[in-house]
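The block underneath contains the structure these notes are about, expressed in structure tokens.
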Amino acid sequence: MTLIFAHRGSAGTHPENTMSAFKEAARVGADGIETDVQLSKDGEVVIIHDEKLDRTTNASGYVKDRTLMELKTLNASPNFKGKLGKENIPTLEELFIWLNDNQLYCNIELKNTLFLYPGLEEKVIQLTRAYEMDERIILSSFNHYSLVKCHQLAPELETAPLYRDGLYMPWIYAKAIGGSAIHPNFRAAPDFVIQASLSMGIAVRPYTINEEAEMKRLFKLGCSAIITDFPEAAVRAREGLKSR
Ligand code: G3P
Ligand code: CA
């Protein structure tokens, strides 16, 4: 069965990468969540997508220039869909504490292409081990050097290269860098790439799958998972196919 991972939580319906978005994913029956991590000025692993605070908070400037205490004073839901809200920027540790109480998978994307965030890999791995999340964590990144480092530091954890364009034979490439999955943009995931990857034992989890027709294509192919902003709609579409 194709699993459903809620992108940045349920980002289509709730402020992205907030605890309310993650809780919504659990409420609607998603199998997992996808989230993004960076480091604060004082080296805490925080959950936020952009390197800059401007789009998703009531502040501006870089995440890396604020301490955790400063980041915690910000609103991560200042004006979501025109509604004023109040949400914290969560830490990865807070997310893990919540994950302790459910069985969701968690795809952690290391956002370390613009800034490398030295130590980010070690900190994410240390927390994963401390909370005994090994079986449920998938590490991904557009920075494939970082994924190789993760694999070297923690071969027990699944790693998956993210990519947007037409990578040639990604099932071979993934294995070459120690990965056991690929996370392509859906435009870079034609049927034959998915089929060949699955047949070579490489899991495929395309992003960001928000159209029902595209969800159904991937469900029918037996894709490993989809990453979607609308997990509730995806669960419904999957149920619809099953009952036919
Ligand atoms: O992990 C899939 C997807 O989240 C990658 O792109 O920009 O949404 O983080 P982005
Ligand atoms: Ca992401």
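The values are calculated or read from the model by the stated rules, or taken from the named source; none is laboratory data. Keep in mind it's a predicted model, so treat the numbers as computed, not measured. Don't worry about glycine lacking a Cβ; one is built from the backbone with ideal geometry, like all the others, and counts go over all protein chains shown. What goes into the accessible areas is simple: the full protein's heavy atoms, side chains included, and nothing from ligands, DNA or RNA. Shrake-Rupley method; radii C 1.70, N 1.55, O 1.52, S 1.80 Å.
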Task: Peptides ranked, highest mean first, by Cβ atoms within 10 Å: ranges 130-138, 81-89, 43-51 - done: 43-51, 130-138, 81-89
Open item on the list: Taking the solvent-accessible surface of protein heavy atoms with a 1.4 Å probe, what is the per residue accessible area of the chain in Å²?
Closed with: 45 Å²
Task: Of 111/242; 23/111; 41/81; 64/149; 86/111, pairs whose Cα-Cα distance is over 32 Å - done: 111/242
TODO: Treat every Asp and Glu Cβ in region 85-244 as -1 and every Lys and Arg Cβ as +1, leave all other atoms uncharged, and give the resulting dipole magnitude about the Cα centre to the nearest 20 debye.
DONE: 560 debye
- [ ] Just need the relative contact order of the chain here, percent rounded to a whole number, with Cα pairs under 8 Å and 6+ apart.
- [x] 20 percent
Task: Within the accessible area of the chain (1.4 Å probe), percent carbon and sulfur - done: 53 percent
Task: 5 angstrom amide H check on residue 208, placed H, neighbours 5+ away - done: 186
Task: Helix-derived mean residue ellipticity, 222 nm - over the chain, DSSP H n ≥ 4, -39500 (n - 2.57), to 500 - done: -9500 deg cm²/dmol
TODO: Can you tell me the order of 173-185, 17-29, 113-125, 190-202 when each peptide is scored by its average per-residue count of other Cβ atoms within 10 angstrom, highest first?
DONE: 17-29, 173-185, 113-125, 190-202
Task: Full-extension gain in nm, residue 221 to residue 243, via 0.36 nm per residue minus C-alpha separation - done: 6.2 nm
Open item on the list: If a paramagnetic tag sat 7 Å from the Cα of residue 72 along the Cα-Cβ line, which residues of region 1-33 would have the backbone N under 19 Å from that point?
Closed with: 18-20
TODO: Quick one: check the C-alpha center-to-center distance for region 58-85 versus region 90-110, whole angstrom.
DONE: 20 Å
Task: Net +/- balance of residues flanking residue 45 in space, Cβ distance below 15 Å, scoring K and R +1, D and E -1 - done: -2
Task: Calculated log₁₀ intensity ratio I(q)/I(0) where the Debye formula runs over C-alpha points of the chain, q = 0.07, 0.08, 0.10, 0.16 Å⁻¹ - done: -0.21, -0.28, -0.45, -1.17
Task: Note, ³J(HN,Hα) from phi for region 57-71, Karplus 6.51, -1.76, 1.60, rounded to Hz, x at Gly and Pro - done: 10, 8, 10, 9, x, 8, 4, 5, 9, 10, 6, 4, 4, 5, 4
Open item on the list: Between region 30-44 and region 193-238, how far is it from one alpha carbon centroid to the other, in angstrom?
Closed with: 23 Å
